[in-house]
Amino acid sequence: MSQPSTLVILGASGDLTRRLLLPGVGSLLELEPERELRILAADRADLDAQAWQDRLQPALTEGGAPPEVVQAVAATSTYTSMDATDPVALNALLTQAAGEGGARRVVLYFALPPAVTERVCHAMLGLTLPRDLHLTMEKPFGHDEHSARALNTLVAHLVPDDQVHRVDHFLGKSTLLDIMAVRFANRLFSAVWSAEHIESIEIAYDESLALENRAGYYDHAGALRDMIQSHLLQAMALVTMEPPASITARDLRDATAAALRATTLWGGDAISGSRRARYTAGTSIGRAVPSYVDEDGVDPARMTETLAQITVEVANDRWAGVPITIRSGKALGATQKHIVITFRDVRHLPRGLKGADPKDRLIIGLSPDTMELRITTNGTDDPLELEQSVLATTLRESELEAYGEVIAGVLDGNPMLTVRGDAAEECWRICDAVLGAWERNEVPMEEYPAGSPVPAAWGAALAD
Ligand code: NDP
């Protein structure tokens, strides 16, 4: 039975709360209808109680919460219109959240713009905080290594780091969690998971969708900050980490942080270790797409990339010499969301086996959740002619949405599926070197027509 908790949402009338957070809570309540959860919402928007209920209830239902559970949670949920940076209002809200005798766990969810989150943390410095307070911070956590470190120092004055949950919902994705079983529970893979047998790794999140009216956010972020700095580097850490002693918050986050600390740009700098591009006019998913620079709300002078790729090396004994390519982009000809592990060729093929030996690959689909093993077999026409065969499966999809999975951990006070402070800093360290070189124009901005494949020169793993 989980401990009673109060989820305090700052920024409760915002986009994240409506689209991801509340449906995520709804998916958790579908699976655990007996969970004792209270939701206190706050935002500066002037909503009355009914207007809040009109947002809360459909969003929980959308996530899958049964009607009687939605009713029960809604009955105790309140909305406060306030400035979240006001210490007096914040104090009142947190006291209400902790309940009689301060007995409840309080999860303070910052669904706020990052600069406001920081101001709220400053405002909390002078308050007497609830005994069992957990802070849940959204990405981006800082805007570079220096600011991430400063934010870590600030929140360390409020609660211990294992009570700070930096959300990266990719860590709640079932395929990423499956990596641990695949790697550590199969001799077939655990024995060959190193530079000796693996030639290269690609982690890609390529989308066919273009900007979809999100210039306000995207033109300031770009593909590198949007996807690579957070989600895809976390995925890389899970793929390359040393086996943790246990799948617990401490051991798992020790292992992923160590992998990130060992990560350097391929060739030592962003000139050899990164590429960037933006789309020009074309057709994607049957629709005419204007050039990125002509999209509404885009400032071409910002030089925002819509396709980014970095190549890194995890510089340790297990991985030295293996290029790990991490890529994400928009308006591409095909959606490719996957991790591709490419194995080395065998050292020697017996005479008599004919033809080229196709690359053996393990392909983990990130959405939908699939797994494919491409191996070399005998040919269908000529039994001695080599051919590639595919063993494919659709993986068990978690019953919880990724957000629900992460929130379940947060409400239980378990930070395992969230990002530790030092790991957040490491992700910025890797990306800062690239962003700096891009700002100095040391890496050219390439172009690709919307709806075209990843440019051939970028060497996408499955382009052959
Ligand atoms: P929104 O701007 O939609 O929502 C933020 C909410 O906070 C708004 O309702 C805003 O009010 C309110 N707010 C701002 N300042 C204050 C204040 N001082 N006191 C009280 N309320 C305030 O942002 P999102 O929901 O999109 O994003 C929230 C966070 O989640 C950000 O850190 C973002 O990076 C992160 N995130 C968002 C995702 C998404 O898909 N939306 C995905 C992943 C992360 P007002 O409208 O009046 O400014």
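What the table shows:
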quantity	calculated
Looking only at the stretch 288-334, and only at residues there that are free of Cβ contacts under 8 Å to residues at least 24 places away in the same chain and charged (D, E, K, R), the one that is farthest from GLY451 (Cα to Cα)	ASP317
Failed item in (1) of a type in the set (Ser, Thr, Tyr); (2) within 16 Å of the ligand (Cβ to nearest atom); (3) within 16 Å of ALA75 (Cβ to Cβ), with THR6 passing the rest	(2)
Exclusive hit being under 24 Å from the mean Cα position of the chain (by Cα) and more than 10 Å from the ligand (Cβ to nearest atom), set LEU112, LEU94, LEU28, LEU40	LEU28
Index of the failed condition, GLY404 passing every other in (1) more than 24 Å from GLN309 (Cα to Cα); (2) touching a strand residue (DSSP E or B) at 6+ places or on another chain (Cβ under 7 Å); (3) not charged (D, E, K, R)	(2)
Those residues of the stretch 118-132 which are farther than 15 Å from MET82 by Cβ and within 16 Å of the ligand (Cβ to nearest atom), in sequence order	GLU118, CYS121, HIS122
Qualifying positions in the stretch 286-306 - touching a helix residue (DSSP H, G or I) at 6+ places or on another chain (Cβ under 6 Å) and aliphatic (A, V, I, L, M)	VAL293, VAL298
Any hit, the stretch 393-405, residues being closer than 30 Å to ALA288 by Cβ and exposed (fewer than 15 other Cβ atoms within 10 Å of the Cβ)	no
Residues satisfying the stated conditions in the stretch 69-110, i.e. on the phi > 0 side of the Ramachandran plot and loosely packed, with under 15 Cβ neighbours inside 10 Å	GLY101
Filtered residues of the stretch 183-204 (kept if among the β-branched types (Val, Ile, Thr) and either free of Cβ contacts under 8 Å to residues at least 24 places away in the same chain or touching a Leu at 6+ places or on another chain (Cβ under 8 Å) (or both))	ILE203
Of all residues making up the stretch 76-91, the number that are among the β-branched types (Val, Ile, Thr) and either near the ligand (Cβ under 9 Å from one of its atoms) or touching a residue at least 40 places away in the same chain (Cβ under 8 Å) (or both)	2
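No lab work stands behind these numbers, since they all come straight from the coordinates. As the structure is a computational prediction, the values presented were derived from the model and not from experiment. Note: ideal-geometry Cβ built from the backbone for every residue, glycine included; neighbour counts use all protein chains shown.
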